[in-house]
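A short worksheet on the structure shown next.
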Amino acid sequence: MKLKISVIGAGIGGIATAIRMAVKGHEVTVFEQSGRPGGKMGEIRWKNYRWDAGPSLFTLPDLMEELYMLAEEEMKVSVRYTQLEVITKYFYEDGLVLNAYGDPEAFVNEAAKKTGENPVRIRRFLKKARSMYNLTRDVFIFGDFSSPRTFVSKKFLRSALQTYKLEVLSTMHGANRRRFRSDHLVQLFDRYATYNGSNPYQAPGTLNVISHLEHNLGAYFPEKGMHSLAVELQQLAERVGVKFEFNTPVERVVHHGKRIQGVQVNGETHSTDLVVSDVDIYYLYRDLLPDLPFPEKYFKPERSTSAMIFYWAMDRQFPELELHNLFFSRDYRGEFGHLFDTKTITDDPTTYLFISSKMVEGDAPEGGENWFVMINVPENTGQDWDAGIVEVRKNIMTKISRILETDVAPHILHETVRDPRNIEEETFSFRGSLYGNSSNSSMAAFSRHPNHRKDFPGLYFVGGSVHPGGGIPLCLASAKIVDGLIDKKYG
């Protein structure tokens, strides 16, 4: 059965869904309010500098490879990527510097040597993370939470019967504190809670599966930068017949009762059989479906963090830095207390520094570097962000300069800043939260909006604000879930 499908939003989840639908013969149109694909995976340019504006780490590349396979193409023809030898270089306040190597055994040896931790404990942790991932992936990443059948399936029951293996009754920090003697390694693995904007002192130990993606499966980087992934996927979508309408915001999802009729664009209704939303659900319901009851229950859980990002054009290179670098806070627990309890920013924030010009030729001029400097900040609840920017800039410059033993301020030629206000304005992420709801409870996975509403059969949902969550792999997973749901219903 050939369907006419409208996808709202050209984020990575929306484009992936469009590809999956088009290769099955459906007529697909993607409506995007901005002039480019990618959503949060945008880019910023100034003179001869270029920055990836959003996500900077590429994991689970098989999910993208699968899209090319469905289109009967080879991804490597369009997109080449490299496995990282050093995933992240960690800088601690006490002077310890640790290279998290991409090779698991090299990482174990480096971590044991630098921290004094027993290598057996580190290997045991990586094995545990792999086991938890294998136990949960089919249900919590690729499972359909909109159907009650999921929760009586053999896969779900198998996971439920082995809940004791998933550390759901412990916090992430508590599990890691019992596991390691080294404070440095506890902090390193606690860090993975931030990958979905959560708090390791509240989130369940199950989130330790995230470290499996990097330390067991490997981290990668595309040779043209992260934004190129969105551009190449758009071009793949066009080759399989997807039509894109950029600078074309959808004004309303048109329906009669619970039956989808189309989408309203420029005052006109474009008829369609199905609508796939890649829009933050807050704005979808508020603006595009205002006649439906607002689903308050999905906004009661705690929101994930947002970010403050400084894009600095540097006039010199720093050979002591890698592609990904992290400068840890001295008081990690206190930092998360600021983020989630008082909704403020500590004066010693953990600082992430990403330099794509280390690998992408042309992202900075010869002799220079493009610095993407980010800290986690609370969602926007009306804080004085202008004052916050001034204070954060001073604190992170001091921190980086002290650790690198170089005053970095004189080497900044140009600066662009993003905070929760313009993140929300540019990406329509409610309150600037990057991942929708946080995972700060053992039931968080069940509180996300599902990928389909049974009472509204023609409407489907992908992207970071719905199940299974934010980040490139999970957004691609949401597209795969919706593909399966539509295929199951319509063939």
TODO: Scan Ile400, Ile423, Ile375 and give me the residue that is outside any loop (DSSP other than H, G, I, E, B) and under 22 Å from Asp278 (Cβ atoms).
DONE: Ile423
Open item on the list: Which residue is farthest from Ser78 (Cα to Cα), if the candidates are limited to the range 228-262 and must be among the basic types (Lys, Arg) and outside any strand (DSSP E or B)?
Closed with: Lys258
Task: Filter result (in a loop (DSSP other than H, G, I, E, B), touching a Ser or Thr at 6+ places or on another chain (Cβ under 6 Å) and more than 25 Å from Leu323 (Cα to Cα)) within the range 333-351 - done: Lys343
Task: Test result for Leu67, at positive phi and surrounded by 18 or more Cβ atoms within 10 Å (Cβ to Cβ) - done: no
- [ ] Scan the range 439-491 residue by residue and report those that are more than 21 Å from Gly54 (Cβ to Cβ) and in contact with a helix residue (DSSP H, G or I) (Cβ under 6 Å, 6 or more places away or on another chain).
- [x] Ala445, His449, Asn451, His452, Tyr460, Val482, Asp483
Open item on the list: Which of the numbered conditions does Leu413 fail, given that it passes all the others? Conditions: (1) under 15 Å from Leu339 (Cβ atoms); (2) touching an Asp or Glu at 6+ places or on another chain (Cβ under 7 Å); (3) assigned to a strand (DSSP E or B).
Closed with: (1)
Task: Filter result (over 25 Å from the mean Cα position of the chain (by Cα) and free of Cβ contacts under 8 Å to residues at least 24 places away in the same chain) within the range 75-107 - done: Val77, Asp94, Gly95, Val97, Glu105, Ala106
TODO: Please specify each residue of the range 202-242 satisfying the condition of being small (Gly, Ala, Ser) and touching a residue at least 60 places away in the same chain (Cβ under 8 Å).
DONE: Ala203, Ser211, Gly218, Ala219, Gly225, Ser228, Ala230, Ala237, Gly241
Task: Residue check, Lys154 surrounded by fewer than 18 Cβ atoms within 10 Å (Cβ to Cβ) and closer than 24 Å to Pro450 by Cβ - done: yes
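For every residue, the table says whether it meets (1) in contact with a strand residue (DSSP E or B) (Cβ under 7 Å, 6 or more places away or on another chain); (2) touching a residue at least 12 places away in the same chain (Cβ under 8 Å).
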site	(1), (2)
Gln261	yes, no
Gly267	no, yes
Pro301	yes, yes
Ser306	yes, yes
Ala313	yes, yes
Glu320	no, yes
Open item on the list: For the range 423-453, give me each residue that is within 21 Å of Phe294 (Cα to Cα), at pLDDT below 90 and of a type in the set (Ser, Thr, Tyr).
Closed with: Ser447
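The values are calculated or read from the model by the stated rules, or taken from the named source; none is laboratory data. Computed from a predicted structure; not experimentally measured. Note: ideal-geometry Cβ built from the backbone for every residue, glycine included; neighbour counts use all protein chains shown.
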